[in-house]
1. Considering segment 177-197 alone, what residues qualify as being crowded, with 18+ Cβ neighbours inside 10 Å and either out of contact with any strand residue (DSSP E or B) (no Cβ under 9 Å at 6 or more places or on another chain) or under 20 Å from residue 134 (Cα atoms) (or both)?
2. If you scan segment 206-221, which residues turn out to be more than 23 Å from the chain's Cα centre (by Cα) and crowded, with 20+ Cβ neighbours inside 10 Å?
3. Kindly indicate whether any position in segment 168-176 is out of contact with any strand residue (DSSP E or B) (no Cβ under 7 Å at 6 or more places or on another chain) and assigned by TED's automatic domain parsing to the domain that holds residue 59.
4. Among the residues of segment 171-197, which ones are touching a residue at least 24 places away in the same chain (Cβ under 8 Å) and not in a strand (DSSP E or B)?
5. Any residue that is closer than 21 Å to residue 93 by Cβ, surrounded by fewer than 13 Cβ atoms within 10 Å (Cβ to Cβ) and in contact (Cβ under 8 Å) with a residue 24 or more places away in the chain - is there at least one of those in segment 138-152?
6. With the condition being outside the structural domain of residue 114 (by TED's automatic domain parsing), at pLDDT 95 or above and in contact with a strand residue (DSSP E or B) (Cβ under 7 Å, 6 or more places away or on another chain), I'd like the helices (runs of 4 or more DSSP H) fully within segment 1-100 carrying at least 3 qualifying residues.
7. Across segment 203-221, what is the number of residues that are assigned to a loop (DSSP other than H, G, I, E, B) and farther than 30 Å from residue 29 by Cβ?
8. Does residue 152 satisfy being closer than 22 Å to residue 17 by Cα and out of contact with any helix residue (DSSP H, G or I) (no Cβ under 6 Å at 6 or more places or on another chain)?
């Protein structure tokens, strides 16, 4: 059964008369660092030493696109050239209709175009980041900050991320057991790193009423 795929938000069938015949999405390979220590049983696993988390290599998306000019109404080879001009060698965002909330991002390569009878077949390979990203950044806000801590619940899919925190006036943040004072404006604080799952931050102002907005890019495997 033929399907659809979107490159940078554009449906390949609507734009180029190309349907998705098949796809393969690999999982990213885990970066491991195993150290052989003389006199020690087994290997020393240092894979999480730098960040406290494992990291990943890129993943590969392999697509086979196909189209028939008499069905799509598109003109070959001009349409194929148009498609290649738009994506070949470029970074693209790939979205599939079964998961429109996320996109993959990577470098696209178009392979040898084949013609079987009246059907064009185009192999496409995308060397992607290991994560698939939410289409829209997550934003959590409160406009009712006072002199008593107010709580913000910050859900995060899987990839650890440092958010951007925007406050309207001098604000005190409570992150775990740490107290952090920030001035009005935008802040990226390495000490505040959202883990997978629900994260709790609290905020208050010295006097009056304040506001806070936390923005971040969620990503998943």
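The values are calculated or read from the model by the stated rules, or taken from the named source; none is laboratory data. What you see is a predicted model; the values in this text were computed from it and never measured. Glycine gets a Cβ as well: all are built from the backbone with ideal geometry, and neighbour counts include every protein chain shown.
1. Pass one, segment 177-197, residues crowded, with 18+ Cβ neighbours inside 10 Å: 182, 192, 194.
194, the sole residue that qualifies.
2. Here is the first cut: in segment 206-221, the ones more than 23 Å from the chain's Cα centre (by Cα) are 206-212.
Once the filter is applied, which keeps residues that are more than 23 Å from the chain's Cα centre (by Cα) and crowded, with 20+ Cβ neighbours inside 10 Å, segment 206-221 yields 210, 212.
3. There is no residue in segment 168-176 that is out of contact with any strand residue (DSSP E or B) (no Cβ under 7 Å at 6 or more places or on another chain) and assigned by TED's automatic domain parsing to the domain that holds residue 59.
4. Here is the first cut: in segment 171-197, the residues touching a residue at least 24 places away in the same chain (Cβ under 8 Å) are 171-175, 188-190, 192-197.
Selection gives 189, 190, 192, 193, 195, 196.
5. The answer is yes; a qualifying residue exists.
6. Where helices (runs of 4 or more DSSP H) fall fully within segment 1-100, none carries at least 3 residues being outside the structural domain of residue 114 (by TED's automatic domain parsing), at pLDDT 95 or above and in contact with a strand residue (DSSP E or B) (Cβ under 7 Å, 6 or more places away or on another chain).
7. Count: 4.
8. Taking the combined requirement at face value, the residue does not satisfy it.
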